[in-house]
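A short write-up of the structure that comes next.
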Amino acid sequence: IRDGTDASTPAYLLAIYEVSQTHLDISSRSIAEKLGVTKPSVVRVLNLLMERGMIVKEYYGKIYLTAGIFVAREVKKQLDEVLAHFPPVEEALTDEERFTAALALTAALPERVFTGRYDQMMGAEEAPSAAG
């Protein structure tokens, strides 16, 4: 995925989005619990997402989706599509295993799959690169 963001970024945005549907306060700890990862891993990816303007993380820890809400919705839509068309496998999978595999496939897709419509809406394709 471009600009150094790792492939887990879609999973993190989706986790933040899903937690935001049921909780007013989103924290690094709640994201770590949802994804089954360490808090330092969450902090690292959240910092990348903040740099990209996808989220705002307040000093005392609350996390809010900004532009990331659009991307998270696209991730969710693509994940649902992958789940709906999940290929048959020889060994029976649990729902959790299917979800994990579908999320891995979704996260491996090129970032433009998730950001294309948002970039068009915001005119990002015509804007000069922030990197110079």
So which lysines pass the test for Lys39, namely a Cα distance under 21 Å, with those fewer than 8 places away in the same chain ruled out?
Lys57, Lys62
Distance in nm between Ala101 and Asp80 label points, each 7 Å along Cα→Cβ, equals 2.2
Cut-off under 16 Å on the C-alpha distance; same-chain residues fewer than 8 positions from Lys76 excluded. Which lysines are left, in chain and number order?
Lys34
For the pair Lys39 and Lys62, how long in nm is the line joining their label points, each one 7 Å along Cα→Cβ?
1.9
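So which GluC sites (Glu not before Pro) in segment 13-104 are both in a DSSP loop and have at most 13 other Cβ atoms within 10 Å of their Cβ?
Within segment 13-104, the qualifying GluC sites (Glu not before Pro) (loop, at most 13 other Cβ atoms within 10 Å) are Glu58, Glu90, Glu91.
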Put Tyr12, Tyr17, Tyr60 in order of accessible area, largest first, 1.4 Å probe: what do you get?
Tyr60, Tyr17, Tyr12
Remind me, what semi-axes does segment 1-80 give for its equivalent ellipsoid, largest first in whole Å, using sqrt of 5 times each Cα gyration tensor eigenvalue?
16, 15, 13
Can you work out ³J(HN,Hα) from phi for every residue in segment 54-61, in order, using Karplus 6.51 cos²θ - 1.76 cosθ + 1.60 and θ = phi - 60°, giving whole Hz and x for Gly and Pro?
7, 9, 10, 10, 6, 3, 8, x
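Quick one: length gained pulling Arg29 to Asn47 fully straight, 0.36 nm per residue minus the C-alpha distance? Don't skip to the end; give the middle numbers.
Values: separation 18, 0.36 × 18 = 6.48 nm, distance 1.45 nm.
5.0 nm is the gain from fully extending Arg29 to Asn47.
The values are calculated or read from the model by the stated rules, or taken from the named source; none is laboratory data. Note that the structure is a prediction, hence the values are computed from the model and not measured. No Cβ is skipped: glycine too gets one built from the backbone with ideal geometry, and neighbour counts run over all protein chains shown. We work out accessible area using only protein heavy atoms, side chains counted, and drop any ligands, DNA or RNA first. Shrake-Rupley method; radii C 1.70, N 1.55, O 1.52, S 1.80 Å.
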